[in-house]
Amino acid sequence: MRGSHNTLKDELVLVKLAINEPSAFTRLYDHYFPLVFKYVLYRVCDTQTADDISSKIFERVLLGIGNYRPEKAPFRAWLFGLAHHVVSDHFRSQSKRRWFSLEVLKGLVSNDPPPEEVVISNEMNDRLLEALGCLTERQRDLVALKVVAGLNNRQIAKLTALSESNVGVTFYRTIRKLRNELKENGVING
Amino acid sequence: MDERALIDQFNSDVDQLLERGWTERSSLSEEYDDLIELVETLAVSDYSEISLIKNTLRGDLIRQIEKGKFFTSSRLQEGIETSSEKSKRKIQLRFGYFFILLVAILLLVLTVPPIRSVAQEIVHFLENMIFVNEPTFSERFIEDWEQGPPYPTLYPNLNCLDCEEPVPMSRLTIDEASTDVGFRVYVPTYMPSGYWLEARDVVPYDQSTNVTEVVSIYAIQLAPEPFSLKRLGPFQPFGYIHIHQTHFSEDSQPFRFNIGETPIVEVTVRGLPGVWLEQLPSSPYELEPGEWESYRSNILIWEEGGFQFRINTNMPLPWETMIKVAESLTNEDRPIVPTHTPIGDYTQDPRKILEIEESSNLIGFDVYSPSYIPFWYTILSRDVIIQGSSKYIETTYLFNNEDYPKRSATLSFGQSPLGFNIPLSKYFLGDTPSVDVDVSGNKGVWYDWVATEPFVHEKWNPYFHLLTWEDSDFKFWILSNEENDIILRIAESLYE
């Protein structure tokens, strides 16, 4: 398994050039899009929403990348910190729905997937997503930050305001819960 | 290996795995191996192929780079940093909230053993509460049930026809409750939109614990959107926020709170140390005959001024909302009013009830309100919605009156400039034809439809109506499951 902490070669140079050089941006994008998309997907458990949010994240990345300071944090941590906030903002805006106002009804428009959409499906991936859907938002956040974003517990604690110890405990218990969920559904044996 | 050491080992192995792609671990157990493999699977799974925008987004962004659209914007960076700072401050005031529906079940949860007997299990403590990582009441109940007869029972036992009926809670005034309980009761001056005071009562003095307590219960009729009935359990037609204020005498022993594996988050509440517990399995319910699940709740607990406060809810409310509830608690004699954000710092907020003049100033045109709104409605919000070039104002009301037969009506009244397109989904309107109507001499259109999932609820009138009309200046609409003639009457009262 390729370590998910692997850094792109010449990453800092690519970051500096990204807002002016399409080729530099393309390399960054191709490396990080799958991770960002998966990070968001693990948190929201919906493909269309993950697309929408990933799009916002990359726009914000390009708007803010000129001010990125490598001495403050690795680019990966900066990127996923930004992604974390964008997803959290999404959840906050979702919670502000009102009762039977236009805002509620308008929200339903975007929830209907086009029936002609063709989706490439991998069964194990689907089952994983289903199992993730049984976790709380916080638990999904921890899994995504650790496993996809590749942040260490200290970095995760800073983003989530949990203690470093709590991060470790919650992550362990979440993975156990996920494993039990998958086992109950017959996805894994044991 | 104890759990703490196991957790440390696990985290270390995971870090190694993610860093290098492999781990030098020895197999601790089959389960442990499964956990590591699961992490590996989560890490290597690639979902990018199911993204519909991956390639188009790349292309769009490249085109914008070529046009020079992206530049270092210090203002945007400040915005991102300001947002991060706000989040930090809010997180420090994070509340959790949890309590089970009935006070009687709470008393079963909280016991008072000698502290020394539970010293090994304590995971956290406040002055009058120790948190123990033993199974919660609900977890224990379900475990006992699964072990077979004799089966445990709940109080109140809703299945028992011969049992004494539980005494309903009162709705005491602040003064009545304060007199009964012997201290000034704290009340919130802020509640999220839609909640009403369902009950305020004093828990009878318990000689075994030497505590006195007042409980205030705020309720909201459960909407299927955006909260999932399945997630909350099938038997909760209402959402609740409970506020407990407990006074401990000098002789009182600390409460013991079994929290199972629920992680404790140490928080600051009103400047004091507190505890937040999220999604704690709180009380059991029977999903199918013989099959039990747990309701889950979030809890905030802190101690202040000689009292212990516990706020809990069965609703997945965002923590920003619960912060405001806790921060708004006061024992001064003030009525509960919604909080307004000053105009100079305006952000859309579903809790707002803007005054008419305030609304007019914000939206830039005169705002009107029907002179007739049935007495069984309570205003929930009046807010201005601005989206790009579209702007409108909407006032929402909720049925809330004990004297009126409950039919769970909800009503929204909207106003916008002429020509505004109400973006309703065909999901609602379906094939229902529209009907032309006259509203005080103005041309209107009437739509009827029958709600389907996710808006179906046993207590809701499923027949919804949209009445929209334009006069010479503005467009108006009423969206409601109220009776037809009442909707028309409300509309026509605009011109009285």
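The values are calculated or read from the model by the stated rules, or taken from the named source; none is laboratory data. Everything quoted here is computed from the prediction, not taken from an experiment. Positions of Cβ are generated from backbone atoms using ideal geometry, with glycine treated the same way; all protein chains shown enter the neighbour counts. With ligands, DNA and RNA removed, areas are computed over all heavy atoms of the protein, side chains included. Shrake-Rupley method; radii C 1.70, N 1.55, O 1.52, S 1.80 Å.
For region B:122-152, what are the residues that are open to solvent by less than 20 Å² (accessible area, probe 1.4 Å), part of a loop (DSSP other than H, G, I, E, B) and on the phi < 0 side of the Ramachandran plot? Within region B:122-152, B:136 is the sole residue that qualifies. Close contacts from region A:124-152, counting a first residue that is basic (Lys, Arg) and a second that is surrounded by fewer than 20 Cβ atoms within 10 Å (Cβ to Cβ), with Cβ to Cβ under 7 Å and a gap of 6+ residues or different chains, come to A:127/A:185; A:127/A:187. Under the condition of being more than 7 Å from chain B (Cβ to nearest Cβ), over 30 Å from residue A:126 (Cβ atoms) and of a type in the set (A, V, I, L, M, F, W, C), the residues counted in region A:41-76 number 3. The requirement of being in contact with a helix residue (DSSP H, G or I) (Cβ under 8 Å, 6 or more places away or on another chain), at pLDDT 75 or above, part of a loop (DSSP other than H, G, I, E, B) and under 30 Å from residue B:250 (Cβ atoms) is not satisfied by residue B:200.
Residue-wise test of (1) modelled with pLDDT of 80 or more; (2) of a type in the set (Ser, Thr, Tyr); (3) loosely packed, with under 14 Cβ neighbours inside 10 Å.
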site: B:329; (1), (2), (3): yes, no, no
site: B:334; (1), (2), (3): no, no, yes
site: B:352; (1), (2), (3): no, no, no
site: B:368; (1), (2), (3): yes, yes, no
site: B:383; (1), (2), (3): yes, no, no
site: B:411; (1), (2), (3): yes, no, no
site: B:414; (1), (2), (3): yes, no, no
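Quick one: which of A:179, A:98 is at the interface with chain B (Cβ under 7 Å from one of its Cβ atoms) and modelled with pLDDT under 80?
Details: A:179 fails: modelled with pLDDT under 80.
None of the other options fit; the residue is A:98.
Among the residues of region A:82-93, is there at least one that is closer than 24 Å to residue B:43 by Cβ, within 10 Å of another protein chain (Cβ to nearest Cβ) and open to solvent by 40 Å² or more (accessible area, probe 1.4 Å)? Yes, because at least one residue in region A:82-93 is closer than 24 Å to residue B:43 by Cβ, within 10 Å of another protein chain (Cβ to nearest Cβ) and open to solvent by 40 Å² or more (accessible area, probe 1.4 Å).
Here region B:291-324 is the region considered, the condition is being of a type in the set (A, V, I, L, M, F, W, C) and modelled with pLDDT under 85, and the residue that is farthest from residue B:135 (Cα to Cα) is B:323. In region B:364-384, the residues that are in a strand (DSSP E or B) form Cβ pairs under 6 Å with partners that are open to solvent by 20 Å² or more (accessible area, probe 1.4 Å), at six or more places apart or across chains, as follows: B:378/B:400; B:379/B:353; B:380/B:193; B:381/B:193; B:381/B:350; B:381/B:353; B:382/B:353; B:384/B:362. When region B:354-366 is limited to residues that are farther than 22 Å from residue B:190 by Cβ and charged (D, E, K, R), the one that is modelled with the highest pLDDT turns out to be B:366.
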